[in-house]
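**Q** Starting off with a structure, shown below.
The values are calculated or read from the model by the stated rules, or taken from the named source; none is laboratory data. Please read all numbers here as calculations on a predicted model, not as lab measurements. Positions of Cβ are backbone-derived with ideal geometry, glycine not excepted, and every protein chain shown enters the neighbour counts. The protein model used for the area step is the full one, side chains on, heavy atoms only, and it has no ligands, DNA or RNA in it. Shrake-Rupley method; radii C 1.70, N 1.55, O 1.52, S 1.80 Å.
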Amino acid sequence: MIKGGSATVAERAALGKAARENSPRSVHADWAPAAGREDPVEILERQAESRVPELVPIRYGRMLASPFTFFRGAAAVMAMDLAETPDSGLTVQACGDAHLSNFGIFSAPDRRLVFDLNDFDETLPGPWEWDVKRLAASFEIGGRDRGFKRKERRAAVLRTVRAYRQAMAAFAGMRNLEVWYARIDVARLFEDLKQRANPKQAKRFEKEMGKAKRKDSLRAMERLSTEIDGELQIAADPPLLVPIEDLVPESRRHHVEEPILALLAGYRESLSADRRHLFDSYSYVHLARKVVGVGSVGTRAWVVLLVGRDNSDPLFLQVKEAEASVLESYAGASGYENHGERVVQGQWLMQAASDVLLGWLPAIGLVDGRDRDFYVRQLWDGKRSIDVETLLPQGFAEYGQACGWTLARAHARSGDRIAIAGYLGNGDSFDEAIADFSAAYADQNQRDYAALADAADGGRIEAETDI
């Protein structure tokens, strides 16, 4: 609905500057665990209560690979901590889990590769600072994981936050549609990263670009399926990929596959009319449970195989469980009853371009009969992460700049970009404060990682480390 009487640009900028009075930019540097801070292992154990029991040890094992992988899986822990930190009172559609590995490449509807945020499981309206702090801390922790020097890590964090601040200032001066259309050209990003790389790394970037272009349902068919009696089937790779017939007895299989058809019909209704027409051209073939990510391990994630004109025309959809956002206890409940819709609506709002088959479905129970919320997207659609393990310090900072710009663009689409830019200002006060916070929080993350390792060593939790 068109609103009248909107504040002027000057008034919105003044609102941001006025927020400094209650929350000076320098106070963001402070970090100390709150008195009575909850045991981080208890938080993870509480999350495990709603997850597939036999997969929880895999989650713990993946988190214990390094302090950085622990950080990736500990969004709920950091949400608790961020709720105790100061903020400007300005809100956006927050990602909720904006760490460096949750940015990547995928194919836009026009088939051009774009760089953007790619994980929205925790998205919810909330303070923009929470996303910035999680992103910045991920570069400090990731830099430690790579063995970078303190100055190199701080340079990457500063570059990331500076990019966010400068991009927000640029978006504040743009017309609304210009902000909506803004996106990073992947070819240019790779060229910039290659200039900071040695010849071996530059060659790897070229290879990664090629893999991203080829990563689609045909590639998924080669990697994940087999043909039995002329019919495609998802190939078993337990416990990471388990076909439906290996999860339930043959006598109960129809009790699962019948709801699948209802599931697909419900998902269809979340699509626009043209995309429903596209979806209707495919037929269901097979279903399997899949283990995904680090923090998501143990939530229900399914791969659905469909075919179009024939077996050479496959479509792999990922149907992923959506639980309440980790931010909800601190930022308030979602406005959507269905958490699948919450994820999808947040993704549409924050991404420059989204999967044409992105949608959600009504709560439905599979295997155990308990209703849960799910969202749906293509399993592979050019999706590829930048391999930060190959980046040298300068390239690591360059990548941080791309992430900072992208996060600012996402926030500028949903929040008051002019007020946020007014709060941030032109100096580096905020940048330096966040760099200090990141170093202090990385120390806390190290302690929390050690607590999980102690819990595994003492038998409190079971961790499967060889998956």
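**Q** Can you tell me which residue is farthest from PHE316 (Cα to Cα) among those in the range 231-241 that are free of Cβ contacts under 8 Å to residues at least 40 places away in the same chain and assigned to a loop (DSSP other than H, G, I, E, B)?
**A** Just the residues of the range 231-241 that are free of Cβ contacts under 8 Å to residues at least 40 places away in the same chain, to begin with: 235, 237-238.
From the residues that got through so far, the ones that are assigned to a loop (DSSP other than H, G, I, E, B) too are 235, 238.
Working: ALA235: 13, PRO238: 18 Å.
Here the residue is PRO238.
**Q** What are the residues in the range 424-467 that are acidic (Asp, Glu) and closer than 29 Å to ILE58 by Cα, if any?
**A** Step one: list which residues in the range 424-467 are acidic (Asp, Glu), which gives 428, 431-432, 436, 443, 448, 454, 457, 462, 464, 466.
If the condition is that a residue be acidic (Asp, Glu) and closer than 29 Å to ILE58 by Cα, then ASP443, ASP448, ASP454, ASP457, GLU462, GLU464, ASP466 are the ones that fit.
**Q** Out of all the residues in the range 130-152, which are buried (at least 24 other Cβ atoms within 10 Å of the Cβ), touching a residue at least 60 places away in the same chain (Cβ under 8 Å) and not hydrophobic (A, V, I, L, M, F, W, C)?
**A** Let us first name the residues in the range 130-152 that are buried (at least 24 other Cβ atoms within 10 Å of the Cβ), namely 130-143.
Now drop any that are not touching a residue at least 60 places away in the same chain (Cβ under 8 Å), which leaves 130-133, 135-143.
Hits for the range 130-152 are ASP131, LYS133, SER138, GLU140, GLY142, GLY143.
**Q** Residue check, PRO86 against (1) under 23 Å from ALA412 (Cβ atoms); (2) buried (at least 20 other Cβ atoms within 10 Å of the Cβ), all met but one. Which one?
**A** Only one criterion is unmet by PRO86, namely (2).
**Q** How many residues are in a helix (DSSP H, G or I) and buried (at least 21 other Cβ atoms within 10 Å of the Cβ) if we restrict to the range 407-432?
**A** Count: 16.
**Q** Now a separate question. Take VAL56 and tell me if it is in contact (Cβ under 8 Å) with a residue 12 or more places away in the chain, in contact with a Gly (Cβ under 7 Å, 6 or more places away or on another chain), crowded, with 17+ Cβ neighbours inside 10 Å and on the phi < 0 side of the Ramachandran plot.
**A** On the way: in contact (Cβ under 8 Å) with a residue 12 or more places away in the chain: yes; in contact with a Gly (Cβ under 7 Å, 6 or more places away or on another chain): yes; crowded, with 17+ Cβ neighbours inside 10 Å: yes; on the phi < 0 side of the Ramachandran plot: yes.
So VAL56 passes the test.
**Q** Could you grab me the full set of residues in the range 280-319 that are of a type outside the set (A, V, I, L, M, F, W, C), at pLDDT 90 or above, outside any loop (DSSP other than H, G, I, E, B) and open to solvent by 20 Å² or more (accessible area, probe 1.4 Å)?
**A** Residues satisfying the conditions are SER283, TYR284.
**Q** Can you give me the number of residues within the range 326-344 that are of a type in the set (Gly, Ala, Ser) and either at positive phi or outside any loop (DSSP other than H, G, I, E, B) (or both)? It would help to see each step written out before you state the result.
**A** Within the range 326-344, the first condition is being of a type in the set (Gly, Ala, Ser), and the residues that meet it are 329, 331-335, 340.
Among the residues that remain, those that are also either at positive phi or outside any loop (DSSP other than H, G, I, E, B) (or both) are: 329, 331-332, 340.
Residues meeting the conditions: 4.
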